[in-house]
Amino acid sequence: MDTHCRDIDAPLRVAALYRFARFEDFASLREPLDRLCRKQGIRGTLLLAAEGINGTIAGTPEGIDTVLAHIRALPDCADLDVKLSSASVMPFHRMKVRLKREIVTMGQPDIDPRASVGTYVEAQDWNALISDPQTIVIDTRNDYEVAVGTFEGAIDPRTPSFRDFPEWFRQERERLLGSGKPPRVAMFCTGGIRCEKSTAFLKQEGIEDVYHLKGGILKYLETVPEEQSLWRGECFVFDQRVTIGHGLVEGSYSLCHACRRPVSAEGATSPLYEEGVSCPACHGERTEEQRESYRERQRQESLAAARGEAHVGARFEQVQAEQHNDRGA
């Protein structure tokens, strides 16, 4: 069921979607889907794997509706999970439909969210669950996402990638859960897909009392009034909006194209920040030779943009597609 966009006057719709389904021949689905998206002027990234579909796309409301109808007609995709938001300008530069081993990379081949998953918690019931002292709340997202915003009291695993989550949990399990009766475990992510796998993983590890936020942070920020919210900060999204806030309005962060991390308004004033070259988070991680290479790339992209060419788009979309498989729709 779709989460409806609040800003009905915005010219573009952004659809974050996923569905765990059994695709016997997922490669055969790529060409018709790609062709339809291009015909409808849709841009973004869609991932196809034997376990289902995941992605974020943007376009006109009519175009988005047409593509969503096509995806819902795929095997076991009638109940496709979709979150809709708005954009005043196109947040993607091109369309890409990619074939992957997993629609969100966890590196645990035996995990099947269709067979076993945690208990869904509606956004309006989430505050009560995570405010209970008998509940442990875990943010399953990557470290740079958590740094932008998270729920009050949530545990930050400080993992650079979702594939690091299983090892982190196994190492921290005893400290988190103790040796007696395990507490309730509540987990959340951007749109819900990482929680499908993380709760399935915990259940495979023998943890039964596991919950996750239905529709993810996006659903919570859309439906829970800001004055009642336990969310602190903004939510990182994998498109050119970078972050969003309550009501799914565009946030205040920009993106460092050197390291792909979000940059706050304060960070952009740092002497370590140079557009397209470095930010306070990555300046010490790069050599001067690398930064000079980034400067040249930035110069070429600026020249391409002045000519009306999408040089920056090609690189940005490649970067986002690489990250896309480690996040949630």
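The values are calculated or read from the model by the stated rules, or taken from the named source; none is laboratory data. Computed from a predicted structure; not experimentally measured. Cβ: placed from backbone, ideal geometry, glycine included. Neighbour counts: every protein chain shown. Surface areas here come from the heavy atoms of the whole protein model, side chains and all, with no ligands, DNA or RNA. Shrake-Rupley method; radii C 1.70, N 1.55, O 1.52, S 1.80 Å.
Some observations on this one:
- Distance in nm between pseudo-label sites at Thr223 and Glu122 (7 Å out along the Cβ direction from Cα): 0.6
- The mean sequence separation of alpha-carbon pairs under 8 Å and at least six residues apart, normalised by the residue count of the chain, gives a relative contact order of 18 percent.
- Between the amide H of Ile136 and those of Arg184, Val185, Ala186, distances stay under 5 Å, these residues lying 5 or more places away or on another chain, with hydrogens modeled in the peptide plane.
- Relative contact order (%) - criterion: Cα under 8 Å, at least six apart; region: the range 107-234: 37
- Relative contact order (percent, whole number), the range 47-181, Cα cutoff 8 Å, 6+ residue spacing: 21
- Gyration tensor (alpha-carbon) shape descriptor, the chain, a/c threshold 1.5: oblate
- Residues Thr287 and Val249, FRET efficiency given R0 of 35 Å [Cβ-Cβ distance, rounded to 0.05]: 0.35
- In summary, the convex hull built on the alpha carbon positions of the range 1-109 has an orientation-averaged projected area of 6.6 nm².
- Of the solvent-accessible surface of the range 9-74, computed with a 1.4 Å probe over protein heavy atoms with every protein chain present, carbon and sulfur atoms account for 48 percent.
- Size check on the range 65-209: the Cα extents along the three principal axes, sorted descending, read 52, 34, 29 Å.
- Of the residues Arg184, Arg173, Arg101, ranked by 1.4 Å probe accessible area with the largest first, the sequence reads Arg101, Arg173, Arg184.
- Taking each DSSP H run with n ≥ 4 as -39500 (n - 2.57) and averaging over every residue of the chain yields -9500 deg cm²/dmol at 222 nm.
- Rg/Rh for the range 192-238, where both radii come from Cα atoms and Rh is the Kirkwood radius: 1.06
- When Trp126, Trp168 are compared by accessible area at a 1.4 angstrom probe, the order from most to least is Trp168, Trp126.
- Surface accessible to a 1.4 Å probe, Leu303 within the full protein complex, Å²: 90
- Annotation: amide H-H contacts under 5 Å for Cys259 (H modelled 1.01 Å from N, sequence separation of 5 or more, or interchain): none.
- Assigned charges on the beta-carbon of Lys, Arg, Asp, Glu; the chain dipole about Cα centre (debye): 740
- Per residue accessible area of the chain, 1.4 Å probe, in Å²: 45
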